[in-house]
Amino acid sequence: MIKVENLKKNFGSLEVLKNINLTVGEGEKLVIIGPSGSGKSTLIRCMNYLEEPTAGEVYVNDQLLTKKNRGEIAKNYSSMVFQQFNLYPHMTVLQNLTLAPIKLQKIPKKEAEETAMKYLERVGLSDKAYSYPQNLSGGQQQRVAIARALCTKQKLILFDEPTSALDPEMVQEVLDVMIGLSKENITMVCVTHEMGFARQVADRVIFMDDGTIVEEGTPEHFFTNPENERTKAFLSKILH
């Protein structure tokens, strides 16, 4: 579903990604972990060209991602859930969910609204369809953002630390929705610090540090017997 080849990303003289090579299979659940500043979010943002790579290529469904076609590829294949929800404050929840299907995918309004209600029910918020984002808790807003990503019916959803802006008691309600999603044939790439979630849903975990992929493996490998000393040090801090 995604192929990243020799990917580099600089911000001025700062080298944030250093020659990343990575493949994500269709339906795979990939979790990216690592310390702050390791390049995790930049990598996921390069996967849909929210950040333009300095060098290297990103392919989505065998199509080379470029500045010119990124909108088309996003429309056809991928959606993203951000740390900060990114809901339109002047629109109701239902309007937030139907905007992209109606405007970008040219879905009839009635059909888009039916789909939106289905996914709102799925995330437990069908009673909030006519509420505005500011009247929802952070956890509810993030569940709306996930429902919005589902409304475009894409095969690929990218999650950039979807629980990091939430109060601790709201984290689990969002993770529960994502755990439910992981049982479906959707390709998920998730940057997260939630190790319980990684252990539960990931087919593969990648540990990044200093702009490189240091180690990758199954959750079992990572949480029982990581090989790299840097990985061990990170996990020992975060798991205790």
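Key figures for this structure:
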| quantity | calculated |
| --- | --- |
| Those GluC sites (Glu not before Pro) in the stretch 128-229 that DSSP places in a loop and that have at most 16 other beta carbons within 10 Å | E184, E227 |
| Electrostatic dipole magnitude of the stretch 45-195 [Cβ: Lys, Arg +1; Asp, Glu -1; Cα centre; debye, to 20] | 700 |
| Cut-off 19 Å (backbone N to label point 7 Å along Cα→Cβ of N86), residues of the stretch 142-167 | 142-166 |
| Value of relative contact order over the chain, rounded to a whole percent, pairs C-alpha under 8 Å and six or more apart | 27 |
| Over the stretch 1-125, relative contact order from alpha-carbon pairs under 8 Å, at least 6 apart, % | 21 |
| Within the stretch 140-223, percent of DSSP bridges classed antiparallel, to nearest 5 | 50 |
| Added length on full extension, which subtracts the Cα-Cα distance from 0.36 nm per residue, E111 to D176 | 20.7 nm |
| Cleavage-rule hits, chymotrypsin sites (Phe, Trp or Tyr not before Pro), the stretch 39-145, DSSP coil, Cβ neighbours within 10 Å at most 15 | Y130 |
| Within the stretch 51-117: Cβ-based charge dipole about Cα centre, in debye rounded to nearest 20 (Lys, Arg +1; Asp, Glu -1) | 280 |
| Within-9-Å neighbourhood charge of H221 [Cβ basis; K, R +1; D, E -1] | -4 |
| Accessible surface, per residue, of the chain when the full set of protein chains is kept, probe 1.4 Å, Å² | 47 |
| Fully extended contour minus Cα-Cα distance, from E52 to D210, at 0.36 nm per residue | 55.0 nm |
| The stretch 115-240, relative contact order in percent, only Cα pairs under 8 angstrom and at least six apart counted | 17 |
| Farthest positive-ward along the chain dipole, Cα basis, beta-carbon charges - from L97, V123, I238 | L97 |
| Under 12 Å from the K155 label point (7 Å along Cα→beta-carbon), backbone N, the stretch 1-28 | 1-3, 25-28 |
| Semi-axis lengths (Å, descending) of the ellipsoid that matches the C-alpha gyration tensor of the chain | 30, 22, 15 |
| Sparsely packed trypsin sites (Lys or Arg not before Pro) within the stretch 151-240, loop by DSSP, other Cβ within 10 Å at most 16 | K153, K155, K183 |
| Helical segments meeting 15 Å axial Cα length and Kyte-Doolittle -1.0 threshold in the chain (DSSP H) | 93-103, 138-151, 168-181 |
| Gained length - K75 relative to N225, 0.36 nm times residue gap less alpha-carbon distance | 50.0 nm |
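The values are calculated or read from the model by the stated rules, or taken from the named source; none is laboratory data. For clarity, every value in this text was computed on a predicted model and none was experimentally measured. Positions of Cβ are backbone-derived with ideal geometry, glycine not excepted, and every protein chain shown enters the neighbour counts. Please note that ligands, DNA and RNA were not included when accessible areas were found on the heavy atoms of the full protein model with its side chains. Shrake-Rupley method; radii C 1.70, N 1.55, O 1.52, S 1.80 Å.
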